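Engineer: Got a structure for you, questions after.
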Amino acid sequence: MKLRAALGKAAPIALTTDFDLHPELRPPNPKLRDAAVLVPIHRENDHWSVILTKRSSALKHHPGQIAFPGGKVDKSDGTTLNAALREANEEIGLPPSSVEILGTLPQHQTITAFMVTPYVGLITDPIEYRREVGEVAEIFTVPLNHLLNPNSFQIQGRRWNGQDRKYFTVPYGPYYIWGATARMLRMLAHVMEKSDAY
C-alpha cells in the first residue's frame, strides 16, 4: 500500500496541536495525559476508506464530535499502541489481531490537555462493527482519497469563550469533521502529499 511507503519515508515532523492556528494561546508548560487513537483503513467495495466514529453526546470530552477510535492510556495498557488497539476493540469491535500497523503520525496536543499518538492501521480481515453504545453514537466511513486531498480541507472559525478561534475542517456529506481529528487527517494528507509514494 502506498501509504505504508509514505509513512516510512516521512521526515520527522514536530507534533501538531489544537493551537496550530493560534500559537499565542498554547500553554507554555501544560500537564498532559497520554492518549492514543487508531486511524483504521480498510478496503470497502472498490476503494480504501477510513473508519470514524461520532462520539456520544453524553461523554465528558468532545461530546458529539467526530473522532478516531481511541482514548486515554491506562496503566494496564503498557504502551500507547496497546491503548489504541484496546480502545478500537471496545468502541467499534475491531480485533487487534485484524490490524496491521503501517506507521504513526506526529503526536497531537489537544486543548483538553491530552498528548495523542495516532497510529495508522490497515484492517486485514472482514469485520462486523460493534459499537460501544455508551461512547459511540455512530460508526461510518469516509473515502481515503477524500481525506488525502488537500483541497478537501478548510480553515473555519467561531467565537469561543470570548475569542475568535480558527480550526481545520474536512467536511464529508452530513459529517462535520473538525478540530483535532481534522488536524491529524490534514497531517496524513501532508505526509502523502510530500511523498513520492503518492
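Engineer: Ignoring ligands, DNA and RNA, what percent of the 1.4 Å accessible area of the chain is carbon and sulfur? Show your work: numbers first, answer last.
Structural biologist: Working: 5060 of 10160 Å².
It is 50 percent, rounded to a whole number.
Engineer: What does the extension gain come out to for K166 and L25, with contour length at 0.36 nm per residue minus their alpha carbon separation?
Structural biologist: In short, 49.6 nm is gained.
Engineer: Given Cα pairs under 8 Å that are at least 6 residues apart, what percent is the relative contact order of the chain? Kindly include the intermediate steps, with their values, before the conclusion.
Structural biologist: On the way: 406 pairs, mean separation 54.7, N = 198.
Worked out over the chain, it gives 28 percent.
Engineer: Right, another one. Could you report the chain's accessible area per residue, 1.4 Å probe, as an integer in Å²?
Structural biologist: Numbers: 10160 Å² over 198 residues.
Per-residue value: 51 Å².
Engineer: OK, next. State, to one decimal in nm, how far the label point of N149 lies from the label point of Y176, with both points 7 Å from Cα in the Cβ direction.
Structural biologist: Placing both labels 7 Å beyond Cα along the Cβ direction yields 2.2 nm.
Engineer: For W178, W160, W48, what's the largest-to-smallest order of accessible area, 1.4 Å probe? Each step should come with its number before you reach the end.
Structural biologist: Working: W178 55, W160 115, W48 85 Å².
Result of the area sort, largest leading: W160, W48, W178.
Engineer: Once the piece of chain linking R130 and Q156 is laid out straight, how much longer is it, given 0.36 nm per residue of separation minus the C-alpha distance between them?
Structural biologist: Details: separation 26, 0.36 × 26 = 9.36 nm, distance 3.29 nm.
Computed gain between R130 and Q156 is 6.1 nm.
Engineer: At what distance in nm do the modelled label points of S97 and I13 sit from each other, each positioned 7 Å from its Cα along Cα→Cβ?
Structural biologist: 3.4 nm
Engineer: Non-local amide H neighbours of Q107 (under 5 Å, H modeled in plane, Pro and chain starts lacking H): which ones?
Structural biologist: Long-range HN contacts for Q107: T16.
Engineer: Efficiency by 1/(1 + (r/R0)^6): what FRET value for S76 and R43, r their Cβ-Cβ distance, R0 = 35 Å, to the nearest 0.05?
Structural biologist: 0.60
Engineer: Just want the answer: with Cβ charges of +1 for Lys and Arg and -1 for Asp and Glu, which residue in G134, F153, V116 is farthest toward the dipole's positive end in the range 115-171?
Structural biologist: Result: F153, furthest along the dipole toward the positive end.
Engineer: For the chain, how big is the tail of P(r) above 21 Å, as a whole percent of Cα pairs?
Structural biologist: Values: 9827 of 19503 pairs.
Summing the P(r) tail past 21 Å for the chain gives 50 percent.
Engineer: Identify which of P96, P28, P40 has the largest mean-square fluctuation in a Gaussian network model of the chain, with springs joining Cα atoms closer than 10 Å.
Structural biologist: In this elastic network of the chain, the residue with the biggest mean-square fluctuation among P96, P28, P40 is P28.
Engineer: Follow-up. Using only the alpha-carbon atoms of the range 101-198 as identical scatterers, what base-10 log of I(q)/I(0) does the Debye formula give at q = 0.15 Å⁻¹?
Structural biologist: The Cα Debye sum returns log10 ratios of -0.78.
Engineer: Can you list residues whose amide H is under 5 Å from Y175's amide H, if they're 5+ apart or on another chain and H is modeled 1.01 Å from N?
Structural biologist: Here nothing satisfies the definition.
Engineer: Can you give me the long-range amide H partners of G121? Hydrogens built in the peptide plane at 1.01 Å from N, cutoff under 5 Å, separation of 5 or more residues or another chain.
Structural biologist: Excluding prolines and chain starts, which carry no amide H, the hits are V39, I41, L102.
Engineer: Another one. Using a simple charge model, +1 on the beta-carbon of Lys and Arg, -1 on the beta-carbon of Asp and Glu, nothing else, what dipole does the chain show about its Cα centre, in debye to the nearest 20? Before the final figure, lay out each step's value.
Structural biologist: Working: 22 positive and 20 negative charges, 122 e Å.
Around 580 debye, computed over the chain.
The values are calculated or read from the model by the stated rules, or taken from the named source; none is laboratory data. Everything numeric in this text was worked out from a predicted model, so none of it was measured. Here the Cβ is made from the backbone with ideal geometry for all residues, glycine too, and neighbour counts use every protein chain on show. Protein only, heavy atoms only, side chains kept; ligands, DNA and RNA dropped before computing areas. Shrake-Rupley method; radii C 1.70, N 1.55, O 1.52, S 1.80 Å.
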